[in-house]
């Protein structure tokens with residue numbers, strides 16, 4: 001495939017390395033210095049786009065791909081208030097979109113494990129749930145998109161929780177998300193259930209960016225030639 005990388009920073013370069021290893025070509029690389037090259041003519045030379053820019057740029061980048069009818073994989077978070085309108089535009093154009101808060105294969109398995117554990121813990125009223133996420137200092141959004149997905153998965157499968165807050169709270173029906181920023185942490189997410197006598201934890205720890213890069217390329221391979229709205233669950237068949 002000919003791939004457009006929208007957001008050619010550290011993540012974009014990791015995606016480029018994985019894509020080339022898997023036999024693909026990088027037909028277009030966009031960063032803040034060459035935004036004028038993100039046009040219909042250049043996008044027409046590509047088979048699929050992978051978007052890992054910044055929240056303030058993501059919507060415009062996605063819309064340009066939709067206008068070009070170019071399937072797009074989106075890893076940027078912080079733009080999801082526009083998600084429904086974007087999906088409507090994709091359907092109307094006959095394009096394709098696969099957006100995920102995390103493309104790591106391990107994290108997507110972790111999402112499903114989180115839902116199952118929440119279902120099992122729901123009747124256990126002595127346990128209080130909490131989510132902790134730790135990322136590098138350059139992480140722009142807080143909580144992380146992955147933590148939000150985990151919170152939504154937990155709330156959807158646990159009868160005691162109706163909402164989440166990005167702080168330590170002791171409110172009935174509210175799930176705490178505790179966000180920490182530390183040097184050189186690619187991403188760690190912890191789901192904790194605590195009672196007066198013990199704790200149950202499940203943890204996903206990213207060792208580097210390669211898992212995110214590989215997952216996004218797998219998503220691009222899946223999306224090639226398709227139309228419609230997809231999720232990583234479709235890519236991994238889970």
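Bear in mind that the values in this text are calculations on the coordinates, not laboratory data. As the structure is a computational prediction, the values presented were derived from the model and not from experiment. Glycine also receives a Cβ, built like all others from the backbone with ideal geometry; neighbour counts cover every protein chain displayed.
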Per 0.36 nm of contour for each residue apart, how much would the distance between residue 2 and residue 196 grow if the chain were fully extended, relative to their Cα-Cα spacing?
64.3 nm
Evaluate the chain: find the radius of gyration of its Cα atoms, find its Kirkwood radius, and give the ratio Rg to Rh.
1.00
In deg cm²/dmol, rounded to the nearest 500, the helical mean residue ellipticity at 222 nm of the chain, built from -39500 (n - 2.57) for every DSSP H run of length 4 or more, is -11000 deg cm²/dmol
Using only the Cα atoms, what convex hull volume per residue in Å³ does the stretch 105-205 have?
94 Å³
Can you sort 110, 52 by how many other beta carbons sit within 10 Å, fewest first?
110, 52
What is the distance in Å between the Cα centres of the stretch 157-175 and the stretch 1-43?
40 Å
Can you tell me the order of 84-90, 66-72 when each peptide is scored by its average per-residue count of other Cβ atoms within 10 angstrom, highest first?
66-72, 84-90
Which percentage, to the nearest 5, of the DSSP beta bridges contained in the stretch 105-205 is antiparallel?
60 percent
Between residue 137 and residue 163, what is the label-to-label distance in nm when each label sits 7 Å out along the Cα-to-Cβ direction?
3.4 nm
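If contacts are Cα pairs under 8 angstrom and at least 6 residues apart, what is the relative contact order of the stretch 105-205 in percent?
It rounds to 35 percent for the stretch 105-205.
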All-pairs Cα distance distribution in the stretch 1-139, expressed in whole percent, bin size 5 Å
2, 9, 17, 19, 17, 13, 9, 6, 4, 3, 1, 0
How much of the DSSP bridge set in the chain is antiparallel, in percent, rounded to the nearest 5?
35 percent
Could you calculate the FRET efficiency of residue 126 with residue 205 from 1/(1 + (r/R0)^6), where r is the beta carbon distance between them and R0 is 30 Å, rounded to 0.05?
0.60
